[in-house]
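Enquirer: Right, I'll just put the structure down here and ask away after.
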């Protein structure tokens, strides 16, 4: 294991082959002209293996060692393992730690979807989250065993007694918090539907709910429900990310954080993220997507000592989160604020070079970097950030978070491009003359036709055939018939095909959040 750590610290891209994951992707383009090299977007400038090697040396030691051990034993991509571990730590922190950013209250949790090539019979993601999820299930079973009335009586009993007469006030406060959490224990939900998530949030004292995989693929369940459900979930994730009051059935809105931790198959994820007229394509929610690589056939046991250190880190963070009622409000130091602003400017520079992706799919990444900086400060990675006493995110923590942000941005870019162009993409697009039109699936062709109609306007069938190199009329008509059958395109009286207008009750850009609140963090 030490040798693998040394190889990763050197940034050797070939070390990924030792894990059995996907081979390292090369930069999209290499230019000999230095002026062109400088103009290239920084997201594509470095090899993914180099970005990951830098990020691996920043995270806490238990997370780093567990990433290497699990990748070597399970033959998984270490990148997908490490981002799952980061999400678990952010989910444990929940809404306890907040960062005041202008008028927004930013919390640690973020949304993550790991995309795999095929369905799997096991869920390795929740194996890493077991120290946290096991604690949540324990609270739920206590609630089911004793009932809400029992814990209400416990709260009344503790309220009537003076904490100064029986033991430490700190211990009594912790006991009170844990009783309240057991009274309203819903902190995880197996359904991706917005109504289920909001209902769980109403019964969560910690005001944080994580959506996990249920009986079927969550993306498939969401796509099969209706397009309205996709719109509502996108809107819900946008509002939760921006710390807005969430919608509720009654006059009193919900308040809290909802975040995703999903493992989805490529087909289902592609239809929701890149599908024709998909709400996620029009207004991309703040969801990080990464590729899984080769899914492990069998989860062999990991090193007990390595996993034990990871479990200790999770338990320490759980105890810190449940230590009291008051939220820990963080702020950025002036130097850290300047670094965060610089990251935002760098990401927006030359955004057009991210084709075939859209700049809106990375617009929320600077806020993700701020969350990572606060998470690194909470876990004690940065000694200059002292929680509770001097809850300030220092420039060292923000600089480390920017390195993590650059690595995650490249992972996000590669996964979105993989979903858009397919697993065998070699840098070409579907409109290139060297692209074999018969080698792609019908769904990819339908998306390409939708893109071309959106750019060029109404076109005849013959004009569409000329757009694609050597596309047969049978292949063209099959794709157009599928689009017409699903209501995405219509045929005009003169024979031309055009996109079907959006419904009047769902204007372009639906799902985007409204005005930001100005109230303070409770």
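Enquirer: Identify the residue in region 233-255 that is touching a helix residue (DSSP H, G or I) at 6+ places or on another chain (Cβ under 6 Å) and surrounded by 21 or more Cβ atoms within 10 Å (Cβ to Cβ) and, among all such residues, is farthest from residue 361 (Cα to Cα).
Expert: The residue in question is 254.
Enquirer: Would a scan of region 320-327 turn up a residue that is surrounded by 18 or more Cβ atoms within 10 Å (Cβ to Cβ), in the same structural domain as residue 92 (by TED's automatic domain parsing), outside any loop (DSSP other than H, G, I, E, B) and touching a helix residue (DSSP H, G or I) at 6+ places or on another chain (Cβ under 9 Å)?
Expert: Among the residues of region 320-327, at least one is surrounded by 18 or more Cβ atoms within 10 Å (Cβ to Cβ), in the same structural domain as residue 92 (by TED's automatic domain parsing), outside any loop (DSSP other than H, G, I, E, B) and touching a helix residue (DSSP H, G or I) at 6+ places or on another chain (Cβ under 9 Å), which makes the answer yes.
Enquirer: With the requirement that a residue be at pLDDT below 85 and closer than 12 Å to residue 489 by Cα, what does region 453-465 give you?
Expert: Scanning region 453-465 gives a single hit, 454.
Enquirer: Yes or no: residue 377 assigned by TED's automatic domain parsing to the domain that holds residue 93 and modelled with pLDDT of 90 or more?
Expert: In short, yes.
Enquirer: Among the numbered criteria (1) closer than 27 Å to residue 196 by Cβ; (2) in a loop (DSSP other than H, G, I, E, B), which single criterion is violated by residue 297?
Expert: Failing condition for residue 297: (1).
Enquirer: Condition first: closer than 22 Å to residue 263 by Cβ and in a strand (DSSP E or B). Now tell me which residues in region 200-215 satisfy that.
Expert: Across region 200-215, the qualifying residues are 208, 209, 210, 211.
Enquirer: Tally the residues that are in a loop (DSSP other than H, G, I, E, B) and more than 20 Å from residue 97 (Cβ to Cβ), restricting the search to region 216-244.
Expert: So the count comes out to 3.
Enquirer: Quick test of your reading of the structure: residue 98 fulfils all but one of (1) assigned to a loop (DSSP other than H, G, I, E, B); (2) at pLDDT below 90; (3) in contact with a helix residue (DSSP H, G or I) (Cβ under 9 Å, 6 or more places away or on another chain). Name the failing condition by number.
Expert: Checking residue 98 against (1) assigned to a loop (DSSP other than H, G, I, E, B); (2) at pLDDT below 90; (3) in contact with a helix residue (DSSP H, G or I) (Cβ under 9 Å, 6 or more places away or on another chain), the one that fails is (1).
Enquirer: Please state which of the following conditions residue 393 fails to meet, knowing it meets all the rest: (1) at pLDDT below 85; (2) in contact with a strand residue (DSSP E or B) (Cβ under 7 Å, 6 or more places away or on another chain).
Expert: The failed condition is (1).
Enquirer: Does region 346-360 include one or more residues that are touching a strand residue (DSSP E or B) at 6+ places or on another chain (Cβ under 7 Å) and either at negative phi or at pLDDT 75 or above (or both)?
Expert: No, region 346-360 has no match at all.
Enquirer: Going through region 283-314 one residue at a time, which ones are more than 25 Å from residue 116 (Cβ to Cβ) and either surrounded by 15 or more Cβ atoms within 10 Å (Cβ to Cβ) or at pLDDT below 90 (or both)?
Expert: Residues satisfying the conditions are 283, 309, 311, 313.
Enquirer: Kindly indicate which of 291, 267 is outside the structural domain of residue 114 (by TED's automatic domain parsing) and within 30 Å of residue 480 (Cα to Cα).
Expert: One residue alone meets the criteria, 267.
The values are calculated or read from the model by the stated rules, or taken from the named source; none is laboratory data. Not measured: the values here are computed from a predicted model. Methodologically, a virtual Cβ is constructed for each residue, glycine included, from the backbone with ideal geometry; neighbour enumeration extends over all protein chains shown.
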